[in-house]
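As C-alpha cells, the structure follows; a few thoughts come after it.
Since every read-out is calculated from the coordinates, none of them should be taken as a lab result. Remember, it's a predicted structure, so these values are computed and weren't measured experimentally. Positions of Cβ are generated from backbone atoms using ideal geometry, with glycine treated the same way; all protein chains shown enter the neighbour counts.
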Amino acid sequence: MGTVDGGGGSKSGTVKQLNVGGKLFSLEASSLSLSLSLDSPSPNPTFVDRDPALLSAILAAIRAPSSAAAAFPARVLLDEAHFYGLHEQLLAALSPPPLRGFSVSLASTLCPASEPYPTALAPHHDGSLCLAHGIGQVTYYSPALDHLATFRTHLHRITSLRQLPPSLVILGSASAPGLHVYDFLEGRHVASVQWWDPTDTRVSKAKVIAIAARPPADAADNNSPILATFESPHRENCIVVVDPVTLKPTQEIGRQSGSAAKSSTPDRVVHLPALGLVFASFVSSGAFGYSGYMRLWDIRSGNVVWEVSEPGGAGRSSRFGDPFADADVDVKQQAIYKVCSKSGDVAVADLRCLGNDPWVYMSSGPRGSGGGYGSVLHCHQSQVFVSRKDGLEVWSRLEEQRHNTGDLAEQPGTKERGIDERSYRSCYVDTEEDAKRGMIQMMEGGGDRLFVTRVEMQGVEVWETSHLAGAIPLS
C-alpha cells in the first residue's frame, strides 16, 4: 500500500484495494474520501459493507457517461458516491456537455405527478430546477434532474420564483402580498418580506411581480442581495433590496406611482453586480400593439442612469412603430437584447456605450417571417434564445463560438459601439414537430440546460447539447 502525505492526500498513482460486499475494486486513492484512502495496517483489502453493484454503476458512469446504463436512479448513485468521495466526479459525468445553442435538442420532459401545469421556473447554475405548478405547489429536481421534493405553499398561484442556495426558494404571487422564503427540502416556511410605508397608506399588501435571478458564483459572492419588484393595490411600486442573510429589506429603488405605462411595475429585473446597476423592464400588449420601457438604476444611489420607452417617449429609435415585445440582459457580455414586436428583428445595445439610439438590429432568416408577436427572449451563456410562432431561434456571436468567450470585443469599423451585426449568426434549433406543440410561454437557462414551457401544455421541456454534438462519422 502507498503512503499518505501530511496534507491528507495520497501520492499520485497510489492504488487502493477495496472489498465492497465481497467484490474487489482497485481505485486510485487520490479519488477516494480520506477515510477510505488511508492505508490499512492489514495486507488485505479494506472491507466496506456496502452494495458492490452501486459502486460498479458509479464507476461505469464516470468512465463512460454517454454509454452508462441507467440501472439505478441518478439520485441513488449520487447519494452513494458521497460515501466514496466520488460525488463531484459522478455529477460532472451525469451533467450534459456545454450548452451550444446551435446544437441543442429536446432531451427530456419533467412532469410533476399532480397539477403539472407550470406557473414559474427557477433553475440554478448547477442545472437543478425548482418548478412552481398547480395551486401553490413547488417541486425540486436535483442537478441530475431526479425528483427530490414536492410541497405545497400557502399561496394559491406562484408567479415568481428563484433559488437561494443551498436549500431555500424565494417565491411570490401576483394575487397575494409578500415575498416568501421556503426550505424546499423540508417544505418549511422560513420567512416573509413585506413592503410597506407607515407614512403612506397606499403602500400596503404589496404583491411581488418579479424576482431577479441570482448571479453565478463567479460573478458575485453568496451575499449578493435579493431584488424583487413589489406593487401595492394602488399601483405604487418599487424594487426592494433584501439582505440574503437576514432576509430583511435594506433599500428601495425606483419608487413610482404606476399611474401610467411608463411607471408600471417592472416585470423583469436583472442585477448587474460588476457594473453596480439594476436593469428593469416592463412590456404590455393590447389591441394597439406593444408598449413598454427599459431602465438602468445605480444600485448605490438609486438614481436612473439610462432609460428608453417604446413607442416614443424617452430615448430615440430608428425603428419607431416597431416596439419591443421582450428584452433581457446578458450579464457576461454586458449587453441588452430585445426582440421587435412587428418585424421580429433582434437588437443589441452595448451597456458600456449607451446613448439615445444604441441599438444594432439583426434580421432573422426565412423562417422568422411571423414577426415578434408573443416572442420570449432569454439570454444564457452568451447566447440569445428567442421563441417565435414558428419555432425556437438562437443567436450567437462568431467570436463566442470560436473562443468560447462572451465578451464583446471591439470590431473593425465599429470601435464606438463594439458591436458588429455581421459577427452574429442565428438558426432554428427545433424541428417542425417541436414547434407544433405550441408557443413557448416561459424560458429559463440553468447550467448547461435550457428549460422551456409551452402555453396550455403540461410539464417542462429540458433542452441540452447532445454528447454526440459535433461528432464526425468515421465511414
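Long-range amide H contacts for S466: which residues qualify at under 5 Å (H placed 1.01 Å from N, peptide plane, sequence gap of 5 or more or a different chain)?
The answer is S105.
Kindly flag which residue pairs out of K262/K342; K262/K332; K342/K436; K207/K436; K205/K332 have an alpha-carbon separation exceeding 30 Å in this structure.
Details: K262/K342 20 Å; K262/K332 28 Å; K342/K436 22 Å; K207/K436 35 Å; K205/K332 36 Å.
Pairs exceeding 30 Å: K207/K436; K205/K332.
Full extension from Q194 to S263: what is 0.36 nm times the residue separation minus their Cα-Cα distance, to one decimal in nm?
22.8 nm
Taking the stretch 124-209 on its own, what percent of its Cα-Cα pair distances exceed 17 Å?
Details: 1707 of 3655 pairs.
Counting pairs separated by more than 17 Å, the tail of P(r) holds 47 percent.
Using a ≥ b ≥ c from the Cα gyration tensor of the stretch 67-115 (square roots of the eigenvalues), is it rounded, prolate or oblate, where a/c under 1.5 gives rounded and otherwise the larger of a/b and b/c decides, a/b for prolate?
oblate
Mind checking the stretch 59-127 for trypsin sites (Lys or Arg not before Pro) that DSSP puts in a loop (not H, G, I, E or B) and that have at most 16 other Cβ atoms within 10 Å?
Details: sites: R63, R75, R100; in loops: R100.
The qualifying sites: there are none.
In whole Hz, what ³J(HN,Hα) sequence does the stretch 231-241 give by Karplus (6.51, -1.76, 1.60; θ = phi - 60°), x for Gly and Pro?
With the stated coefficients, the stretch 231-241 comes to 9, 7, x, 8, 6, 4, 8, 6, 9, 9, 9 Hz.
Give me, ordered by chain and number, the residues 5 or more places off Q441 or on other chains with an amide H under 5 Å from its own placed amide H.
T453, R454, V455
Could you check the spin-label model distance between R63 and R202? Points 7 Å from the Cα along Cα→Cβ, value in nm.
Calculated label separation equals 7.0 nm.
Treat each spin label as a single point 7 Å out from the Cα along the C-beta direction, and report the S105 to R50 distance in nm.
Placing both labels 7 Å along Cα→Cβ, they lie 3.5 nm apart.
What does the convex hull of the Cα atoms come to per residue for the stretch 129-271, in Å³? Mind showing how you got there, number by number?
Values: hull volume 16.2 nm³, N = 143.
In the stretch 129-271, the Cα hull volume divided by residue count equals 113 Å³.
Starting from the Cα-Cα distance between F288 and K248, subtract it from 0.36 nm times their residue separation and give me the gain in nm to one decimal. Each step should come with its number before you reach the end.
On the way: separation 40, 0.36 × 40 = 14.40 nm, distance 4.10 nm.
Taking F288 through K248 to full extension adds about 10.3 nm, to one decimal.
Treat each spin label as a single point 7 Å out from the Cα along the C-beta direction, and report the S31 to N223 distance in nm.
Taking the two extended label points, one gets 3.9 nm.
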